[in-house]
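Shown next, in structure tokens, is the structure this report addresses.
The values are calculated or read from the model by the stated rules, or taken from the named source; none is laboratory data. Remember, it's a predicted structure, so these values are computed and weren't measured experimentally. Don't worry about glycine lacking a Cβ; one is built from the backbone with ideal geometry, like all the others, and counts go over all protein chains shown. Just so you know, the surface numbers come from the protein's heavy atoms only, side chains and all, with ligands and any DNA or RNA stripped out. Shrake-Rupley method; radii C 1.70, N 1.55, O 1.52, S 1.80 Å.
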Amino acid sequence: MSTTTERVKATLGKRYAREKRFRFYGLASIALSILFLVILLADIIGKGYPAFTSTYIKLDVQLDAQTLGVSADSTPEQLRTANYNAVIQNSLNTLIPGVTERKEKKALKDLVSGDAQYELQRRVMDDPALIGTNQSVWVLADDDIDTYYKGNIDRTLPEDDRRIKDFQLTWLDKLEADGRIDSKFNTIFFTRGDSREPEEAGIMSALIGSFYTLLVTLALSFPIGVAAALYLEEFAPKNNFWVDLIEVNINNLAAVPSIVFGLLGLAVFIQLFGVPRSAPLVGGLVLTLMTLPTIIIAARAALRAVPPSIREGALGIGASKTQTVFQNVLPLAMPGILTGTIIGMAQALGETAPLLMIGMIAFIMDIPSSVTSPSTVLPVQIYLWSDSPERAFTERTSAAIMVLLAFLVTMNLLAVILRKRFERRW
């Protein structure tokens, strides 16, 4: 074997070794990324799963007309303002007799949520004939009680180190032994708006706010983005300074931090044009600015992927330029355009920073009814809850993140399905 051959073999050995190391580094990077993703998801799901259940306490209430201060013939307004708190307090006193000290009386009342009186109010207003009868009602437990039954408060700790006192634990043990404590699916989380009380807080208003915001974003960004891409790709003069300048700026806008769009929206839409603050309309306008570069770039790539022979064939049989673009090129490029649009919408759905700048961080309890109603969006709701000191908001934060991730995964899955379903290979 010649010296040259030996040198080549040695070089080949080193090259193969480098390739093996490169593959190992790539696989290690992927494995590490998957590991971190699994840890993140496991942490979110582990913390958020308990939020989908709530602790309830069964009360035997006596809807006495004298205690309530109303009768079955009272007006709806009188029924609304009846003394339901007294009925609940009487029921608790019957279940836990012998409570005399002021501190213990307050602790006894705090076993149940403030929503308990509204639960009775709803039942009586729906059926005033209930006045004068005895009813068994499951009412929400206070968030500290709920936290305790979910295992987040250790009863073996010294009394001063936990939020539930020893006499409250004795009461809870008695109620549990009587079968008056139960865990039920937390429908409130999906049907109500935000609340200062964790057990009454829900994501419905944030979901509707996100829906309206994305509706405005889609209605504006899709036609404008597709029209801009069509012009730049099919009609704009080539090698023109102004066209090139616009193209460069569109590409640069896609990399601009999202909070800059929030500052722009604050200065232009709110301060200059007077668009209502903290409304889906202004949120959608800001997210439109942020999403437009993504849609334009994706649409141009989809249009560019249509073979020139399609255009030449259409022009060859006498079609005009406009007919060629709208009847031949655009339909073939639409799957790619829709995919880019869905990805842009998914990006907009998860944005928080620009919406904070335009006031969508406000505490909103009511469910918005239009694009001009005060509202918040799901990412901002998550941000607000994550900043709350109550332990019960931690699990609701993680649960809201799970809902947001579910929407994002669904939208990305839809984009993949559309691409696979309508994709054409040339």
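Summary table below
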item	result
Rounded tilt (10° steps) of 84-95 against the dominant C-alpha axis of the chain	70 degrees
Local net charge near Thr397, Cβ-Cβ under 14 Å (Lys/Arg +1, Asp/Glu -1)	-3
Length-normalised contact order for the chain - Cα pairs under 8 Å, 6+ apart - percent	19 percent
For a label point 7 Å along the Cα-to-beta-carbon line of Val409, residues of the stretch 335-350 with backbone N under 18 Å	343, 346-347, 349-350
Amide proton proximity set for Thr53, modelled H, under 5 Å, gap of 5+	Asn186
Highest-MSF residue in the chain out of Pro308, Pro354, Pro257 [GNM, Cα springs under 10 Å]	Pro308
Reachable lysines, given that their alpha-carbon falls under 26 Å from the alpha-carbon of Lys20 and they are not under 8 places away in the same chain	Lys9
Expected 222 nm ellipticity per residue - DSSP helices of 4 or more, -39500 (n - 2.57), all of the chain, to 500	-20000 deg cm²/dmol
Net length gained if the chain between Val256 and Val268 were fully extended (0.36 nm per residue, minus Cα distance)	2.6 nm
Carbon + sulfur, % of accessible area of the chain - ligands and nucleic acids excluded, 1.4 Å	60 percent
Percent RCO, i.e. relative contact order, over the stretch 253-345, from Cα pairs under 8 Å lying at least 6 residues apart	30 percent
Listed pairs Lys58/Lys165; Lys58/Lys106; Lys109/Lys174; Lys47/Lys105; Lys106/Lys174; Lys103/Lys184 exceeding 26 Å between Cα atoms	Lys47/Lys105; Lys103/Lys184
For the stretch 301-426: relative contact order, % (alpha-carbon pairs under 8 angstrom, 6 or more apart)	28 percent
Residue list for the stretch 161-200, given a label point 7 angstrom along the Cα-to-Cβ vector of Ser136 and an amide N cut-off under 17 Å	175-184
Within the chain, longest stretch free of exposed GluC sites (Glu not before Pro) [DSSP loop, at most 12 other beta carbons within 10 Å]	102-422
Residues of the stretch 52-183: accessible area per residue with a 1.4 Å probe, Å²	53 Å²
Angle in degrees between helix 204-230 and the longest Cα principal axis of the chain, rounded to the nearest 10	10 degrees
Separation between Cα centres of the stretch 39-93 and the stretch 263-307, rounded to whole Å	44 Å
Residue-wise HN-Hα coupling along the stretch 336-349, computed from phi with Karplus coefficients 6.51, -1.76, 1.60 (Hz; x: Gly, Pro)	x, 5, 5, 4, x, 5, 5, 5, x, 5, 5, 5, 5, 4
Extension gain from Leu27 to Thr94, taking 0.36 nm per residue of separation minus the Cα-Cα distance	17.5 nm
Relative packing of peptides 288-296, 413-421, 258-266 - highest average C-beta neighbours within 10 Å first	288-296, 258-266, 413-421
Extended-chain gain in nm, criterion 0.36 nm per residue less alpha-carbon gap, Ser370 and Arg424	15.5 nm
Highest-first arrangement of 47-58, 313-324, where packing means the average Cβ count within 10 Å	47-58, 313-324
Within a Gaussian network of the chain (alpha carbon springs, distance under 10 Å), most fluctuating of Trp385, Trp138, Trp242	Trp242
Cleavage-rule hits (trypsin sites (Lys or Arg not before Pro)) in the stretch 185-260: DSSP loop, at most 16 neighbouring Cβ within 10 angstrom	Arg196, Lys238
Per residue, in Å², the accessible surface of the stretch 342-426 once ligands and nucleic acids are set aside, probe 1.4 Å	51 Å²
Anisotropy class of the stretch 1-146 from Cα gyration tensor, a/c 1.5 cut	prolate
